[in-house]
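S.K.: Handing you a structure now.
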Amino acid sequence: MGSTGVPAKETILRNLIAGSALLALSFTLSAAEPEKAAVRIGVITSLSGPAAHSGAQMKAGIDTWLRLNNATAAGRRIEVLYRDDTGPQADVAKRLATELVSRDRADILAGFIFTPNAMAAASVADRAKRPLVVMNAAASGITKRSPYVTRTSYTIAQSVVPLAQWAHKTGSRRVYSIVADYAPGLDGEEWFDRTFRAAGGTIAGSVRAPLATVDYSAFVQRIKDAKPDAVHVFLPNGQPMVSFMKAWRDKGMDRAGIRFLGGEGWADQDVLAQAGEGLQGIHTAGFYTYSRPGADNARFREAFAKTVGGRFEPNFLAASAYDGMALIAATLEKTRGSTDGPAFMRAVKGYSAASPRGTVTIDAATNDIVQTIYIRRIDKVNGAFVANEIDRYDAVKDPVKN
């Protein structure tokens with residue numbers, strides 16, 4: 001009888017120890033932080049239609065950032081939801097933005113090749129108090145549409161004003177202007193002409209080409225007849241530029257001594273490859289070209305090549321999208337992972353970082369980008385055309401809002 005008490009005490013002791021261990025484990029599990037939900041970024045861009053290549057550039061820029069940063073920021077996984085607007089379709093963009101916010105629970109909206117699409121989505125972001133990061137659309141008024149909008153691309157005025165200043169500074173006095181007859185082209189015409197005249201120059205003539213133009217011969221002949229010392233050209237990216245350069249060469253303008261002044265897009269790989277010898281010696285203004293020097297751009301290009309399998313080089317859309325993701329990540333770090341709209345936008349103000357294009361900053365007063373605009377000359381190097389930076393204008397703000 002007396003010996004049966006010992007095992008009973010041992011059993012009680014073992015049960016107490018086991019219970020304590022289980023209790024400690026439960027405290028440990030309850031104290032451990034639950035896994036944070038992913039940050040969902042709804043990207044609206046053109047994945048089909050006439051601007052599909054621009055959409056591919058934007059998507060590749062985003063995917064390159066995800067590759068280099070393990071798709072995480074501020075301890076949270078980044079999930080990107082791509083949606084196809086098919087082109088300049090404001091109603092489609094508004095519907096997609098609404099679905100992303102209400103159905104898909106996107107925390108942030110981003111992308112936007114076209115200004116009307118960005119404007120339409122901005123109204124959705126404003127009502128939902130969701131941050132919206134513009135990665136291309138270049139009308140100055142977009143960031144004024146809502147306090148929840150910021151931009152990592154550029155504005156048209158921001159690019160053409162330095163070009164006009166540089167043209168006059170380096171000797172151009174009579175410039176002929178040809179632009180595509182759509183809102184961005186009209187902005188380019190207005191701000192180039194205004195700036196060039198203010199510097200003391202003369203606009204020798206101007207023409208607006210319909211967007212559907214495929215043969216620019218008649219327009220180039222008008223330029224030739226006017227005998228300016230320079231021409232300012234603003235056309236949509238891609239094929240219109242290639243078609244214009246064909247007419248330019250056919251009319252002998254590459255040998256006529258008339259300086260060519262262009263903006264973004266003329267230094268893109270596909271335009272350089274297709275437009276041929278006529279591009280040699282032309283001057284362009286913009287914030288990014290793949291051939292620019294620097295370690296940040298070299299790192300970006302290396303990762304970009306892996307992302308796209310070496311199929312094409314990055315252009316300014318890819319750089320803007322990449323920088324847009326960097327801005328989102330840095331802002332999340334400042335908010336400790338919070339995507340609360342007002343807190344996020346407060347943290348955006350004054351953002352500044354190194355980029356493949358150089359230093360980029362977000363103007364605290366306007367939420368718009370401040371950056372260097374480079375003047376580039378197209379040269380032939382080792383059998384290929386590249387854009388060489390020959391001058392620069394630092395810390396350029398959007399002149400429309402400043």
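The values are calculated or read from the model by the stated rules, or taken from the named source; none is laboratory data. None of these values were measured; they are calculated from a predicted model. Quick reminder, even Gly has a Cβ in these numbers, built from the backbone with ideal geometry, and neighbours come from all protein chains shown.
S.K.: Within region 240-255, work out how many residues are surrounded by fewer than 19 Cβ atoms within 10 Å (Cβ to Cβ) and modelled with pLDDT under 90.
M.R.: Adding up the residues that qualify gives 1.
S.K.: Any idea how many residues of region 71-108 are part of a loop (DSSP other than H, G, I, E, B), more than 24 Å from residue 330 (Cα to Cα) and in contact with a helix residue (DSSP H, G or I) (Cβ under 6 Å, 6 or more places away or on another chain)?
M.R.: 2
S.K.: Name the residues in region 365-394 that are of a type in the set (A, V, I, L, M, F, W, C) and farther than 20 Å from residue 134 by Cβ, would you?
M.R.: Once the filter is applied, which keeps residues that are of a type in the set (A, V, I, L, M, F, W, C) and farther than 20 Å from residue 134 by Cβ, region 365-394 yields 375, 378, 381, 384, 385, 386, 387, 390.
S.K.: Now for a different question. Looking only at residues that are buried (at least 18 other Cβ atoms within 10 Å of the Cβ) and touching a Pro at 6+ places or on another chain (Cβ under 7 Å) in region 164-190, which one is farthest from residue 247 (Cα to Cα)?
M.R.: The extreme case among them is 175.
S.K.: Shifting gears a bit: In this structure, does residue 206 turn out to be out of contact with any Lys or Arg (no Cβ under 7 Å at 6 or more places or on another chain), surrounded by 22 or more Cβ atoms within 10 Å (Cβ to Cβ) and modelled with pLDDT of 95 or more?
M.R.: On the way: out of contact with any Lys or Arg (no Cβ under 7 Å at 6 or more places or on another chain): yes; surrounded by 22 or more Cβ atoms within 10 Å (Cβ to Cβ): no; modelled with pLDDT of 95 or more: yes.
Here the answer is no, as residue 206 does not meet what is asked.
S.K.: Does residue 267 satisfy being of a type outside the set (Val, Ile, Thr), under 25 Å from the mean Cα position of the chain (by Cα) and at negative phi? Full working, then the answer.
M.R.: Details: of a type outside the set (Val, Ile, Thr): yes; under 25 Å from the mean Cα position of the chain (by Cα): yes; at negative phi: yes.
Taking the combined requirement at face value, the residue satisfies it.
Residue-wise test of (1) closer than 25 Å to residue 190 by Cα; (2) in a loop (DSSP other than H, G, I, E, B).
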{"residue": "110", "(1), (2)": "no, no"}
{"residue": "113", "(1), (2)": "yes, yes"}
{"residue": "116", "(1), (2)": "yes, no"}
{"residue": "120", "(1), (2)": "yes, no"}
{"residue": "136", "(1), (2)": "yes, yes"}
{"residue": "147", "(1), (2)": "no, yes"}
{"residue": "160", "(1), (2)": "yes, no"}
{"residue": "163", "(1), (2)": "yes, no"}
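S.K.: Pick out the one residue from 337, 281, 324, 276 that is surrounded by fewer than 17 Cβ atoms within 10 Å (Cβ to Cβ) and part of a helix (DSSP H, G or I).
M.R.: 276
S.K.: Read through the list (1) at pLDDT below 95; (2) assigned to a helix (DSSP H, G or I); (3) among the small types (Gly, Ala, Ser); (4) out of contact with any Lys or Arg (no Cβ under 8 Å at 6 or more places or on another chain), then give the number of the only condition that residue 329 fails.
M.R.: All conditions pass for residue 329, except number (1).
S.K.: Restricting to region 240-289, name every residue that is closer than 21 Å to residue 375 by Cα and of a type in the set (Ser, Thr, Tyr).
M.R.: Within region 240-289, 284, 288, 289 meet the criteria.
S.K.: How many of the residues making up region 256-272 are surrounded by fewer than 19 Cβ atoms within 10 Å (Cβ to Cβ) and either in contact with a helix residue (DSSP H, G or I) (Cβ under 9 Å, 6 or more places away or on another chain) or in a loop (DSSP other than H, G, I, E, B) (or both)?
M.R.: Here the count works out to 4.
S.K.: Just need a number here: residues in region 99-120 that are of a type in the set (S, T, N, Q) and within 12 Å of residue 149 (Cα to Cα).
M.R.: Residues flagged as of a type in the set (S, T, N, Q) and within 12 Å of residue 149 (Cα to Cα) within region 99-120 amount to 0.
S.K.: Can you pull out the residues in region 244-269 that are charged (D, E, K, R), out of contact with any Gly (no Cβ under 7 Å at 6 or more places or on another chain) and under 12 Å from residue 315 (Cα atoms)? Walk me through how you get there before you give the answer.
M.R.: Start the filter on region 244-269 by keeping residues that are charged (D, E, K, R), which leaves 246, 249-251, 254-255, 259, 264, 268.
Checking which are out of contact with any Gly (no Cβ under 7 Å at 6 or more places or on another chain) leaves us with 246, 250-251, 255, 259, 268.
Result: 268, single match.
S.K.: Exactly one of (1) touching an Asp or Glu at 6+ places or on another chain (Cβ under 6 Å); (2) within 21 Å of residue 247 (Cα to Cα); (3) surrounded by 16 or more Cβ atoms within 10 Å (Cβ to Cβ) is unmet by residue 223. Its number?
M.R.: With respect to (1) touching an Asp or Glu at 6+ places or on another chain (Cβ under 6 Å); (2) within 21 Å of residue 247 (Cα to Cα); (3) surrounded by 16 or more Cβ atoms within 10 Å (Cβ to Cβ), residue 223 is out only on (1).
S.K.: Same structure, new question: If residue 291 meets every condition in (1) small (Gly, Ala, Ser); (2) part of a helix (DSSP H, G or I); (3) at pLDDT below 95; (4) crowded, with 19+ Cβ neighbours inside 10 Å apart from one, which number is that one?
M.R.: So residue 291 meets the others, but not (2).
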